[in-house]
Amino acid sequence: RMAQRLDGTISTITEQRNERDAILKSMVEGVLAVDLDERVITLNEAAAMLLNVDATAADGRTIQEVVRNLDLQELVAEALAEQEPVEGEILFRMPSGDRYLQVNGTGLHDAAGMPIGAIAVLNDVTRLKSLEQMRRDFVANVSHEIKTPVTGIKGFAETLLDGALDEPEDARRFARIIVGQADRLNSIVEDLLALSSIESIGPGAVDL
């Protein structure tokens, strides 16, 4: 009877472990777990790919041995020490280019509530960072494009007010320039409205 109970317990534990491994393997997010000595106890395939390490060789090794990144090491140490969840953004220098990871860490506890380690969830936000930079560059460029015709309109209008109105030929020339700058400004505004309309429809809805 004892052997039967033991066999049932082992089967249950094995089944639970297989379910856990299947879940971790199917996750898009990277999962890294360490014990109280900062030795790796779990590293799923997504985390191995994000960190550019060998998952099979990581078990039992310290985080310092597995991942050569001081920011991640410090965040894992903080998750072990703190009672509250911690988070941070980490930059990885890769041969293929910089990779930005959003990391959320928290402590691990057993059924009795005793600390047994820490877990970190990793998300690749490289594309998001790239899009943010593109948006900042776009705003800067648009601001410059808008400022140019506005400055021109203001300058020629002031010139007219300063006396150029008394010179019909100069007044007509300045007025034509003002109209041209206003048309340029209107074209920029129309482009912005079109872009806003495309964004509101959503990606893939319009062929550019």
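The values are calculated or read from the model by the stated rules, or taken from the named source; none is laboratory data. In this text, all values refer to a predicted model and were calculated from it rather than measured experimentally. Ideal geometry is used to build each Cβ from the backbone, glycine not excepted, and the neighbour counts take in all protein chains shown. For the accessible areas, the whole protein counts, side chains as well, though only heavy atoms, and no ligand, DNA or RNA atoms are used. Shrake-Rupley method; radii C 1.70, N 1.55, O 1.52, S 1.80 Å.
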Report summary line: Those residues of the stretch 38-54 that are within 16 Å of residue 121 (Cβ to Cβ), open to solvent by less than 40 Å² (accessible area, probe 1.4 Å), of a type outside the set (S, T, N, Q) and not in a helix (DSSP H, G or I) come to a total of 2
Query raised in the report: Just to be sure, is residue 65 at pLDDT 90 or above, touching a strand residue (DSSP E or B) at 6+ places or on another chain (Cβ under 8 Å), part of a helix (DSSP H, G or I) and among the acidic types (Asp, Glu)?
Result: no
Query - Yes/no for residue 103 being in contact with a helix residue (DSSP H, G or I) (Cβ under 6 Å, 6 or more places away or on another chain) and not in a helix (DSSP H, G or I) - result: yes
Query raised in the report: In this structure, is residue 126 over 30 Å from residue 44 (Cα atoms) and of a type in the set (Ser, Thr, Tyr)?
Result: no
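Against the condition open to solvent by 80 Å² or more (accessible area, probe 1.4 Å), within 13 Å of residue 120 (Cα to Cα) and within 18 Å of the chain's Cα centre (by Cα), how does residue 78 come out, does it pass? Working first, answer last.
Numbers: open to solvent by 80 Å² or more (accessible area, probe 1.4 Å): yes; within 13 Å of residue 120 (Cα to Cα): yes; within 18 Å of the chain's Cα centre (by Cα): no.
In short, no.
Just for the stretch 93-115: of the residues that are within 13 Å of residue 83 (Cα to Cα) and touching a Leu at 6+ places or on another chain (Cβ under 8 Å), which one is surrounded by the most Cβ atoms within 10 Å (Cβ to Cβ)?
From the stretch 93-115, those within 13 Å of residue 83 (Cα to Cα) are 105-109, 113-115; that's our starting set.
When the remaining residues are screened for being touching a Leu at 6+ places or on another chain (Cβ under 8 Å), the result is 105, 107, 115.
Working: 105: 24, 107: 18, 115: 14.
The residue in question is 105.
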Query raised in the report: Pairs, please: C-beta under 8 Å, at least 6 apart or cross-chain, first residue closer than 18 Å to residue 128 by Cβ and in the stretch 85-98, second acidic (Asp, Glu)?
Result: 88/71; 90/71; 91/71; 91/98; 92/98
Query raised in the report: What number of residues within the stretch 1-34 are at pLDDT 70 or above, part of a loop (DSSP other than H, G, I, E, B) and more than 20 Å from residue 117 (Cα to Cα)?
Result: 2
Query raised in the report: Looking at the stretch 135-147, which of its residues are modelled with pLDDT under 85, open to solvent by 50 Å² or more (accessible area, probe 1.4 Å) and of a type in the set (Val, Ile, Thr)?
Result: 139
**Report entry** Residue among 170, 183 that is open to solvent by 70 Å² or more (accessible area, probe 1.4 Å) and assigned to a helix (DSSP H, G or I)
**Finding:** 183
Query raised in the report: Can you name every residue in the stretch 181-198 that is of a type outside the set (Gly, Ala, Ser), modelled with pLDDT of 80 or more and under 17 Å from residue 138 (Cβ atoms)?
Result: 188, 189, 190, 191, 192, 193
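Do you know which of the residues in the stretch 116-134 that are of a type outside the set (Val, Ile, Thr) and in a helix (DSSP H, G or I) is most open to solvent (accessible area, probe 1.4 Å)?
Here the residue is 127.
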